[in-house]
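Down below is the structure, laid out as structure tokens.
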Amino acid sequence: MKAKELKKKYLDFFKQHGHKLIPSASLIPVNDSSVLFNTAGMQPLVPFLIGQKHPQGKRLTNVQKCLRTVDFENIGDDTHHTFFQMLGNWSLGDYFKKESITWSFEFLTDKKWLNLPIDKLAFTVYQGDKVVPKDEESAEIWRSLGVSKDRIAYLGKDNFWSAGEKGPCGPSTEIFYWKSKSKAPKVFDANDNNWVEIWNNVFMIYNRKEDETLEPLKQKNVDTGMGYERTLAALTGEQSAYETDLFLPSIKKIEELSKKTYASEKKNMRIIADHLRAAVFLLGDQSGIVPSNVDQGYVLRRLIRKAIRLGKLIEIGGCFTVQIAEIVVKEYKSSYPELHQNYVKILSELEKEEHKFNYTLEQGLKEFDKIAAQSKIISGKEAFLLFQSYGFPLEMTQELAAEKNIKVDAVGFKKEFEHHQELSRVGAEQKFKGGLSDASAETTKLHTATHILNEALRKVLKKDIKQRGSNITAERLRFDFNFDHKLTDEEIKKVETEVNQIIKLKLNIKREEMPLHQALKSGAQAEFGAKYPEKVSVYSIGDYSKEICMGPHVQNTSELGKFKITKEEAVAAGIRRIKAVLE
Ligand code: SER
């Protein structure tokens, strides 16, 4: 089966069961700074899982672009990918376990759909704990569909799913596929790697609070995620998605460039293909980013630089990342038109990064060898020197060191780092672990302030200003927009005054739902390059501002307090960034 066919079948199946197709959200969470990337299809849906009404209704489906950094070390094995696509279907307080499980079973096993043999499937359910009961109900539903009890296992924490430390969560039932060519054993064994998890149905009925206790949600939700890459491998009978049409064109090119075979350099070639695919999707995202030394940009830099280093290792001569990127864009652009729209940016940023890194890589490797020859541990200062002077991300130094069986003083490196106040990787790492969309009173207020600022910039500075990015924490808002020069002190003052005047007018905030074309016709602001579903919600602040937005917002501008701009800077050519607070 071809990759596209699987996607189409999945979406058709759930559309037939009353689900509305929603577009994939950006890889970079919008208005949610608690995580660096969308790691699951449910992440952009958090407000709706906790009770907000979704404009498309209670049954949704999509293919979501996801990126996980926790699996970095596993990349190159059969089943992990940095960037991956998740097929998802959701019930927002509508159907529950019975429908969810029955439909999953039908989709996987029915001749009309995937036609997978029941004998190659196994299922796990939650064994229960002091607070959450054992999930007998799900086990009973699987049994009623003809599943043998040997293929149903009761497990612990693997069957309780949450995206972060707080937010919506619940017990889950996972579906495994026997990937080996040998006959599947009668009894399921969670420790046998031939059983690959392909689908996770989460029954999201709790909200984990700050103090870690669970409170029941207002509604019973279903959140499912099917691994597109893994399922495709299962269906094609391949050992891994790297051997399907998702990766083969890139891998063929890598073979050609390195004059080596995939069979002899499997792991390195897989990592290069994986990392450059992820880099293309990050650069080409609707909220696209560029390589840098902080947050998402740092992850992107790490991915590109590792691919370049491994490219050298397998003796690819000269710059090559662009050649792989061209293939990725060609293969994926029909499903992700943003890659086509951002084609020039993707190629030019890769080229720039590769030139920059190539320039120092060889020297850096020499320096590394020199340091490594002298001791059994690379000090924080030395690792920082490799970073500062030769552009080696800490993780690269650690990988190189591991190959020589020596250690790196990562704590010392971080100290050096903070000392130089260039990057707080500690902060970035906490974000990976962090919770979900923060709908606290502070972020909600800043969100409304962002809408006012967006309009104020147009009123005060220039009519054609558009949002190019937004990020909100409990402490501040951050807003990117197109503008051709650094704001003068006077311009900053004017913007602040405008926003504060609107706040003082005590305007009400109104939410409406309407078709996208009507929203655009009515003059509602939309983010440049963002994809929207056919039906959207629109937030108006009095007659002052109107934007397509998912919310949440305050009820009245009088709740906001005093608006103050704390920073104004450039982020890219023609793009300015404002940071602001409410006092
Ligand atoms: N959120 C769950 C997961 O990522 C199901 O989609 O596995």
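Where a number appears in this text, it was derived from the coordinates with a stated rule and is not lab data. Remember, it's a predicted structure, so these values are computed and weren't measured experimentally. Positions of Cβ are generated from backbone atoms using ideal geometry, with glycine treated the same way; all protein chains shown enter the neighbour counts.
To the nearest 20 Debye, how big is the dipole of segment 36-114 about its Cα centre, given +1 on the beta carbon of each Lys and Arg and -1 on that of each Asp and Glu?
480
With only Lys, Arg, Asp and Glu charged, each at its Cβ (+1 for the first two, -1 for the last two), find how big the charge dipole of segment 158-297 is about the Cα centre; round to the nearest 20 debye. Display every interim value, and only then the final one.
Values: 18 positive and 21 negative charges, 113 e Å.
Rounded to the nearest 20 debye, it is 540 debye.
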If you rank Leu365, Leu27, Leu6 by fewest surrounding Cβ atoms within 10 Å, what's the result?
Leu365, Leu6, Leu27
Got a sec? How would Thr124, Thr82 order by Cβ neighbour count within 10 Å, fewest to most?
Thr82, Thr124
Whole-number percent relative contact order across segment 63-161, with pairs defined as alpha carbons under 8 Å at least 6 apart:
21
Semi-axes of the equivalent ellipsoid for segment 182-231, Cα gyration tensor, largest first, Å:
32, 14, 10
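Could you work out the mean projected area of the convex hull around the alpha carbons of segment 213-372, in square nanometres to one decimal? Write down the numbers at each step before the final one.
Numbers: hull surface 56.1 nm².
The directionally averaged projection comes out at 14.0 nm².
Let me have the 222 nm mean residue ellipticity of the chain computed from DSSP H runs of 4+ only, each contributing -39500 (n - 2.57), with the sum over all residues rounded to the nearest 500. Spell out each step's value before the answer.
Details: 18 runs with 229 residues, N = 583.
So the helix-based figure for the chain works out to -12500 deg cm²/dmol.
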What's the extension gain from Lys4 to Ile406 if we count 0.36 nm per residue and subtract their Cα-Cα distance?
140.2 nm
Quick check of the Kirkwood formula: for segment 144-214, what is the inverse mean of 1/r over all pairs of different Cα atoms, in Å?
13.9
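What's the extension gain from Asp71 to Glu512 if we count 0.36 nm per residue and subtract their Cα-Cα distance? Display every interim value, and only then the final one.
Working: separation 441, 0.36 × 441 = 158.76 nm, distance 4.04 nm.
Contour length minus the Cα-Cα distance gives 154.7 nm.
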Test of understanding: ordering Cys169, Cys319 by Cβ neighbours within 10 Å, fewest first, what list do you get?
Cys319, Cys169
Would you work out the relative contact order for the chain, in percent, from Cα pairs under 8 angstrom that are 6 or more residues apart?
13
Within segment 532-548, name every residue whose backbone N is under 15 Å away from a label modeled 7 Å from Cα of Lys521 along the Cβ vector.
535-536
Listed residues Leu257, Leu487, Val202: farthest to the positive end of the dipole of the chain (Cβ charges)
Leu487
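Within 10 Å, count the other beta carbons around each residue, average over each peptide in 563-570, 222-229, and list them highest first.
Per-residue mean Cβ counts within 10 Å order the peptides as 222-229, 563-570.
Going by average Cβ neighbours within 10 Å, how do the peptides 95-104, 503-512, 296-305 rank, with the highest at the top? Can you show the working numbers first?
Details: 95-104: 18.9, 503-512: 15.0, 296-305: 22.5.
Highest to lowest by the protection proxy: 296-305, 95-104, 503-512.
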Determine, at each q value in 0.06, 0.10, 0.11, 0.12 (inverse angstroms), the log₁₀ of I(q)/I(0) that the Debye formula gives when each Cα of the chain is one equal point scatterer.
-0.33, -0.95, -1.14, -1.33
About its Cα centre, what dipole magnitude does the chain give when the only charges are +1 on Lys and Arg Cβ and -1 on Asp and Glu Cβ, stated in debye to the nearest 20?
860
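How long are the semi-axes of the equivalent ellipsoid of segment 226-289, defined as square roots of 5 times the Cα gyration tensor eigenvalues? Whole Å, largest first.
On the way: eigenvalues 87, 67, 13 Å².
Result for segment 226-289: semi-axes of 21, 18, 8 Å.
What's the ranking of 343-351, 397-405, 39-47, 54-62 by average number of surrounding C-beta atoms within 10 Å, highest first? Display every interim value, and only then the final one.
Working: 343-351: 18.2, 397-405: 15.4, 39-47: 23.2, 54-62: 20.8.
Result, highest mean Cβ count within 10 Å first: 39-47, 54-62, 343-351, 397-405.
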Extension gain (nm, one decimal) between Ser389 and Glu442, 0.36 nm per residue minus Cα-Cα
15.1 nm
Compute the normalised compactness of segment 464-583: alpha-carbon radius of gyration over 2.2 N^0.38 Å, N being the residue count.
1.10
Dipole axis of the chain (+1 Lys, Arg; -1 Asp, Glu on Cβ), positive-most option in Leu520, Ile308, Asn221
Leu520
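First obtain the Kirkwood hydrodynamic radius of segment 179-272 from its Cα pairs, then insert it into the Stokes-Einstein equation at 25 °C and 0.890 mPa s, and state the resulting D in µm² per second as a whole number.
Values: Rh = 16.8 Å.
D = 146 µm²/s.
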